[in-house]
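Chemist: The structure's right below; bear with me while I get my questions together.
The values are calculated or read from the model by the stated rules, or taken from the named source; none is laboratory data. Given the structure is predicted, the values throughout are model-derived calculations rather than measurements. Here Cβ is always computed from backbone atoms with ideal geometry, including for glycine, and neighbour counts include all displayed protein chains. These area figures cover heavy atoms from the full protein model, side chains too; ligands, DNA and RNA do not enter into them. Shrake-Rupley method; radii C 1.70, N 1.55, O 1.52, S 1.80 Å.
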Number of protein chains: 2
Amino acid sequence: MPNSTLEDRCVNTIRTLSIDAVQAAESGHPGMPMGMADAAFVLWNKFLSHDPAHPEWYNRDRFILSAGHGSMLLYSLLHLTGYDLSLAQLKNFRQWGSKTPGHPEYGHTPGVETTTGPLGQGFATGVGMAMAEAHLADKFNTQKFPISDHYTYGIVSDGDLMEGISHEAASLAGHLKLGKIIYLYDSNQISIDGSTDLAYTEDAGARFKSYGWDVQEVDGHDRPAVEQSITQAQQETDKPSLIICKTHIGYGSPNKQDSAASHGSPLGEEEVKLTKKQLGWPADKKFFIPDDVLKYFRKAEKKGQERFEHWETMFEEFSNYEPESAQTFENQLSRSLPENWDDMLPYFEPDQKGMATRAASGKVLNSIASGIPSLIGGSADLTGSNKTWLDDAGIFTSDNYGGKNIHFGVREHAMGAALNGMSLHSGVIPYGGTFLIFSDYCRPAIRIAALSNIPATYVFTHDSIGLGEDGPTHQPIEHLASLRAIPNVQVLRPADANETAWAWKAALEFREGPSLLVLTRQALPVLQRGDKNDASLTMKGAYIISDSQKETPDAILMATGSEVQLALKANQKLKKEQIDARVVSMPSWELFAQQDQAYRDKVLPPEVKARVSVEAAAPFGWERWIGSTGTAIGLDRFGASAPYEEIYEHLGITEQRIVDETKELL
Amino acid sequence: MPNSTLEDRCVNTIRTLSIDAVQAAESGHPGMPMGMADAAFVLWNKFLSHDPAHPEWYNRDRFILSAGHGSMLLYSLLHLTGYDLSLAQLKNFRQWGSKTPGHPEYGHTPGVETTTGPLGQGFATGVGMAMAEAHLADKFNTQKFPISDHYTYGIVSDGDLMEGISHEAASLAGHLKLGKIIYLYDSNQISIDGSTDLAYTEDAGARFKSYGWDVQEVDGHDRPAVEQSITQAQQETDKPSLIICKTHIGYGSPNKQDSAASHGSPLGEEEVKLTKKQLGWPADKKFFIPDDVLKYFRKAEKKGQERFEHWETMFEEFSNYEPESAQTFENQLSRSLPENWDDMLPYFEPDQKGMATRAASGKVLNSIASGIPSLIGGSADLTGSNKTWLDDAGIFTSDNYGGKNIHFGVREHAMGAALNGMSLHSGVIPYGGTFLIFSDYCRPAIRIAALSNIPATYVFTHDSIGLGEDGPTHQPIEHLASLRAIPNVQVLRPADANETAWAWKAALEFREGPSLLVLTRQALPVLQRGDKNDASLTMKGAYIISDSQKETPDAILMATGSEVQLALKANQKLKKEQIDARVVSMPSWELFAQQDQAYRDKVLPPEVKARVSVEAAAPFGWERWIGSTGTAIGLDRFGASAPYEEIYEHLGITEQRIVDETKELL
């Protein structure tokens, strides 16, 4: 605590910057940065291989502040070590337009590797990063050129470890023997409600050992001990490491140390002064960084530059020795897709018997996988059902990180976060599958992807009552609406095999967030198409799949996925009754909304008020397309267990219903 | 395996009924019932205290099939022991209208204690049941009259234990020392993808010990060993028990035992015959129940009746000795609310400075708690923020199960399932709090509540960008829409303190599913009201809070929660510009949709097309109320970190914007 050494003062600089920023904002969490400043300093000063001038350098160690509420710890370190984050930004903590938001946001602040705050996300995202690193190392490294060779470090908290996702991710990481994960666990025994004894008395060390982790425990304020434990963790290459750092939250605050009072509120002007006094700090200086402290921290710049250049040189040599491999590596890093790669998309012949869109998706995946070597993915224990298996690509295991088929286990939430981590890490294009119903289990990870513009593809199969006998526990109803409501998410529900191929194209080309492929269990006809309704129109989000004779149709039937065939059949019936309707297939609301007004008006002419939508899901939100005079055929209730054709019949998602509702409108 | 004893044949009856039902349906999971038949038989035959004639008898042991896909195990047991579930129902497995849906559904089949299938839910729901049992025992039991004294048994699977929610719930149960939980873990080492070695190699026993559970391991086919382990688990009163039953999935199937092939598909006619042969069963008989087997199982009826009557007699005596306590107990069981209990709702004086609706909610809770003794709840480590604390009610701990303030820890998902379990158990009216953003973390439990018509109240605070500095990771955007889209969910977003009081009333009186109170962090004016806009109109879902002078207004401004005050202010401005608008406060879409057409048309006259909605959230779905010509002011993007007033301003949720959009429409 006393400032006897320069390093002491470095640590206290982190503490006081954090205190001051929280105080200035009158908002934030000072206690965690104060408690973890020692351990974080050791990690950043002695171990973290990074280059502040090149925050996107591939082979940097990744650092994740899973306990994102302690954001000032990270912002302090970023500023002190020389990232493009000025002191003015720190002073502007939590203010409009600053680069220092309340919780770290990826893409917003250089050096922030992932968005954290919702607890457990960072923990699990790091597992995905380590998976990507291991995969690329296996694929590209040679004895002489270990171009992919970095650690994934993190700081995790009591709250992170209480969340269920930490269990899923830790169990998976242990299973996969991801030895390059090293997490410092800020065990301060205080959560927002008070002592963790109120709710959390498990033996976390024993728990992590049960997952196959290496576990150490140290005094988190004993810097040499922390240093030794990180060294030891590095030497443990077969197990992820958890270093339990026993710390004092709000360290240095005479009245708030070891208390929830320092967790989520500013210390208060008076206590800030008292704390600075206790830390041997000038009590009246704010945002004070002693010159020698800054100089000491900024050594990271030179060290970083050397490391970066060393790697660049190595990579150059690698490129000479292994030009093809190096090129592939670079392509993978840039997430570039081969030119005209949609030529690889399979074409499916029209076929009344047809195939499930999940089956089509499996074929698409296997068609494009050879041309897109960075594609890697799997399923949360539903590989066969989700059709996510890549032929001849091996299984991603601790013995074979080069494998591309990932068995995530029944761990949808960790899968979602791992997809985020893999995508953020760069070098791979990840996808993951489960039933659409279980999108609820990974929803917080989907949201992080949306918020952080992380591309990741979800293969959500068994997308409606069409899954049949498994019944209402497994039949999505509200899921389409609830996912469409998230900004930056691209929801794609293709109507047949060929739309599915193009939906994959839309998914892989979308960079602003996650893409969700919503696919059937049941077979659907592969539709007959011509020039005017080519499946490539999927990319427009909605298109006329069957037009009226008249220029202005009597009515518009619109549908998505498995209900498009119903609309087409209903249309045939209507024709016989001299009703000249148009059918619009609408695989993606988001893509359609992005088209220009002219196109949208062409597909859905404003003057046509007789509009019927059909989707075997909650009709929530369809008013947007059908207007106040239209009819949305959907499900305002949960499903039922039975053969699916019967459920459709009983719940009124039928051709005849479409016909009747259309006539009712006219 | 051979049928040397009657008990062997009992077990094989469970197996063959399950096989036959799955085969008849050509759909389902035979392997689990085959593997767990021995252990389940022991539990049901030797231990389970239940009365098939009174499936709702309070003091029955609860049995939860967390691995809900093995539903035929449960249906077989229910039929065999004499519940109102005929053999015809078993033959009708997974068919339309049957009582034997693909996964067990609460309320649908007598004897099914909770809806399972989505993995981990049953596990965590049982923890809630055990919490309720412990609470009521502490509150009502006397030495002589242990009226609340039962176990919560369950069968859990590899998949259950992989899910994150199992971690949260197990950690909580261990912390709370819920010794009456006894779970049999079907450790068959097979999941849908194949061997669990593909993804799941943790030491589950060590993991559960780290949570403070008692762990035993037995051969799940060694019935005497299973019996002994359950006896031992009962004797361990301070720790929940996990009995790891090593089993063979698909036990008895010559070609599919120990293989994923028996997990989720019928065995096939041929293999069914081979299996029956191997089990020493008549190969050609289907749904065969030997007479002596049925007789043996049906002894449960008499035993059950005796137990039921014994308890009834005890309760009668208890009523004589402790009439008041017995009356309270009965009231609690029936979930009855005191007559005119809304007289207890506090009234808040109009106040421009006002208070946050979360603060009002805290006051309401404390006003009504004394009159509703069954009210019990807490928060996922945000007690102070959610204002869920009940004064003078103690903390629910292992030393004091009578306490009413529950510290769930940072475990939103387990909290949701625990609320379900408490509500299903009966005797308590549970509530739980977290930030609205973290509704995503407990969404699967909310869905189970909706699907099963389980009343449970969520206190979701910090409901929009109005939470300010914590930033976009914590600011709900899509959550209102995504929750409104779920059938049977009542979403309530009150506009001020008095609406909050009535929202609580609506919540506690709603029995068809969960109620979600969506509350602000920031202070809101307590609005001035008269007879025509009394806060009790909250119960109608939407009402005219400020009417136009004209009978038919020029425009309608509608808003929910914190945006109602903005609409009211905008209305004042419009008045000055001679625009005579009406303001509608719309705390609950669901309640409003339930009103008759006349009321809805009175509030929102169809002829008024100039409609503006305002909600600091995704505008998704508002077209329902504003029509195709209206304007929805909302947020099509994520939020930002800053003081909240600035965020409102920058993102255009302002009085002036409402004024401008209204004028634009006119």
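Chemist: List every residue pair whose Cβ atoms sit under 6 Å apart, with the two residues 6 or more apart in sequence or on different chains, where the first one lies in region B:241-269 and is farther than 13 Å from B:Pro33 by Cα and of a type in the set (Gly, Ala, Ser) and the second, anywhere, is open to solvent by less than 30 Å² (accessible area, probe 1.4 Å) and at pLDDT below 95.
Modeler: From region B:241-269, the pairs are B:Ala260/B:Ile190; B:Ala260/B:Gly194.
Chemist: Quick check on region A:378-402: of everything there that is closer than 28 Å to A:Met355 by Cα and away from every other protein chain (no Cβ under 11 Å), which residue is surrounded by the fewest Cβ atoms within 10 Å (Cβ to Cβ)?
Modeler: That would be A:Asp392.
Chemist: Let me ask something else. Is it fair to say A:Thr520 is of a type outside the set (A, V, I, L, M) and within 14 Å of chain B (Cβ to nearest Cβ)?
Modeler: Details: of a type outside the set (A, V, I, L, M): yes; within 14 Å of chain B (Cβ to nearest Cβ): no.
When the stated conditions are applied, A:Thr520 does not pass them.
Chemist: Shifting gears a bit: So, in region A:159-189, exactly how many residues are more than 7 Å from chain B (Cβ to nearest Cβ) and more than 26 Å from A:Leu48 (Cβ to Cβ)?
Modeler: 1
Chemist: Hey, any hits in region A:124-146 for a residue that's within 14 Å of chain B (Cβ to nearest Cβ), among the small types (Gly, Ala, Ser) and either farther than 18 Å from A:Leu65 by Cα or open to solvent by less than 10 Å² (accessible area, probe 1.4 Å) (or both)?
Modeler: yes
Chemist: Oh, and also: Can A:Ala418 be described as among the small types (Gly, Ala, Ser), crowded, with 24+ Cβ neighbours inside 10 Å and away from chain B (no Cβ under 11 Å)?
Modeler: Judged against the criteria, A:Ala418 is a match.
Chemist: If you scan region A:192-232, which residues turn out to be under 27 Å from the mean Cα position of the chain (by Cα) and farther than 21 Å from B:Tyr200 by Cα?
Modeler: A:Ile192 - this is the single residue of region A:192-232 that is under 27 Å from the mean Cα position of the chain (by Cα) and farther than 21 Å from B:Tyr200 by Cα.
Chemist: Additional query: Out of B:His108, B:His103, I need the residue that is open to solvent by less than 10 Å² (accessible area, probe 1.4 Å), modelled with pLDDT of 95 or more and not in a helix (DSSP H, G or I). Which one?
Modeler: Matching residue, one of B:His108, B:His103: B:His103.
Chemist: Among the candidates A:Arg60, A:Arg94, single out the residue that is under 30 Å from A:Arg443 (Cα atoms), of a type in the set (D, E, K, R) and away from chain B (no Cβ under 14 Å).
Modeler: Answer to the selection: A:Arg60.
Chemist: OK, next. Can you pull out the residues in region A:575-602 that are buried (at least 22 other Cβ atoms within 10 Å of the Cβ) and over 31 Å from the mean Cα position of the chain (by Cα)?
Modeler: Listed by number, the residues that qualify are A:Ala581, A:Arg582, A:Val583, A:Val584.
Chemist: Checking B:Leu566 against (1) without any contact (Cβ under 8 Å) to a residue 40 or more places away in the chain; (2) open to solvent by 10 Å² or more (accessible area, probe 1.4 Å): exactly one of these is not met. Which one?
Modeler: If we test B:Leu566 against (1) without any contact (Cβ under 8 Å) to a residue 40 or more places away in the chain; (2) open to solvent by 10 Å² or more (accessible area, probe 1.4 Å), just (1) comes out false.
Chemist: Mind checking which residues of region A:190-209 are more than 8 Å from chain B (Cβ to nearest Cβ), of a type outside the set (Val, Ile, Thr) and assigned to a strand (DSSP E or B)?
Modeler: A:Gly194, A:Ser195, listed by residue number.
Chemist: Further question on the same structure: A:Ile190: β-branched (Val, Ile, Thr), touching a residue at least 60 places away in the same chain (Cβ under 8 Å) and open to solvent by 10 Å² or more (accessible area, probe 1.4 Å), yes or no?
Modeler: Yes, satisfied.
Chemist: Select from region B:75-89 the residues that are of a type outside the set (Val, Ile, Thr), more than 14 Å from chain A (Cβ to nearest Cβ) and in contact (Cβ under 8 Å) with a residue 24 or more places away in the chain and list them in ascending order.
Modeler: Once the filter is applied, which keeps residues that are of a type outside the set (Val, Ile, Thr), more than 14 Å from chain A (Cβ to nearest Cβ) and in contact (Cβ under 8 Å) with a residue 24 or more places away in the chain, region B:75-89 yields B:Ser76, B:Leu77, B:Leu78, B:His79, B:Leu80, B:Gly82, B:Tyr83, B:Asp84, B:Leu85, B:Leu87.
Chemist: Within region A:440-454, how many residues turn out to be of a type outside the set (Val, Ile, Thr) and more than 7 Å from chain B (Cβ to nearest Cβ)?
Modeler: Result for region A:440-454: 6.
Chemist: Further, regarding this structure: Being at the interface with chain A (Cβ under 8 Å from one of its Cβ atoms) and out of contact with any Ser or Thr (no Cβ under 7 Å at 6 or more places or on another chain) is the filter here, so list the residues in region B:603-628 that pass it.
Modeler: Of all residues in region B:603-628, those at the interface with chain A (Cβ under 8 Å from one of its Cβ atoms) come to B:618, B:620-621, B:623-624, B:627-628.
Within region B:603-628, B:Ala618, B:Phe620, B:Gly621, B:Glu623, B:Arg624 meet the criteria.
Chemist: When you scan region B:642-665, how many residues do you find that are surrounded by fewer than 22 Cβ atoms within 10 Å (Cβ to Cβ), more than 14 Å from every other protein chain (Cβ to nearest Cβ) and not acidic (Asp, Glu)?
Modeler: Residues meeting the conditions: 5.
Chemist: Under 6 Å between Cβ atoms, at least 6 apart or on separate chains: pull out the pairs that start in region A:317-345 with a residue that is under 17 Å from A:Ala503 (Cα atoms) and end on any residue that is surrounded by 11 or more Cβ atoms within 10 Å (Cβ to Cβ) and basic (Lys, Arg).
Modeler: A:Asp342/A:Lys505
Chemist: Within region B:1-47, restricting attention to residues that are open to solvent by 10 Å² or more (accessible area, probe 1.4 Å), outside any helix (DSSP H, G or I) and not hydroxyl-bearing (Ser, Thr, Tyr), which residue is farthest from the other protein chains (Cβ to nearest Cβ)?
Modeler: B:Pro2
Chemist: To continue, here is another question. May I ask you to list the residues in region B:455-492 that are among the aliphatic types (A, V, I, L, M), within 20 Å of A:His479 (Cα to Cα) and either in contact with a strand residue (DSSP E or B) (Cβ under 6 Å, 6 or more places away or on another chain) or at the interface with chain A (Cβ under 7 Å from one of its Cβ atoms) (or both)?
Modeler: B:Ile477, B:Ala481, B:Leu483, B:Ala485, B:Ile486, B:Val491
Chemist: Now for a different question. Looking only at region A:210-231, filter to residues that are assigned to a helix (DSSP H, G or I) and touching a helix residue (DSSP H, G or I) at 6+ places or on another chain (Cβ under 7 Å); which one of those is surrounded by the fewest Cβ atoms within 10 Å (Cβ to Cβ)? Outline the logic, then answer.
Modeler: Of region A:210-231, the ones assigned to a helix (DSSP H, G or I) are A:210, A:223-231.
Filter once more, keeping what is touching a helix residue (DSSP H, G or I) at 6+ places or on another chain (Cβ under 7 Å): A:210, A:223, A:226-227, A:230.
On the way: A:Ser210: 22, A:Arg223: 20, A:Val226: 25, A:Glu227: 17, A:Ile230: 24.
Among those that are assigned to a helix (DSSP H, G or I) and touching a helix residue (DSSP H, G or I) at 6+ places or on another chain (Cβ under 7 Å), it is A:Glu227.
Chemist: Among the listed residues B:Leu537, B:Leu517, B:Leu557, B:Leu524, identify the single one that is under 29 Å from the mean Cα position of the chain (by Cα) and crowded, with 24+ Cβ neighbours inside 10 Å.
Modeler: Going through B:Leu537, B:Leu517, B:Leu557, B:Leu524 in turn, the sole match is B:Leu517.
Chemist: Quick check on my filter: what residues within region A:610-660 are without any contact (Cβ under 8 Å) to a residue 12 or more places away in the chain and either farther than 30 Å from B:Val608 by Cα or among the hydroxyl-bearing types (Ser, Thr, Tyr) (or both)?
Modeler: Within region A:610-660, A:Ser628, A:Glu645, A:Glu646, A:Glu649, A:His650 meet the criteria.
Chemist: Would you point out which residue out of A:Thr152, A:Thr196 is under 21 Å from A:Met129 (Cα atoms) and either out of contact with any Cys (no Cβ under 7 Å at 6 or more places or on another chain) or without any contact (Cβ under 8 Å) to a residue 12 or more places away in the chain (or both)?
Modeler: A:Thr152
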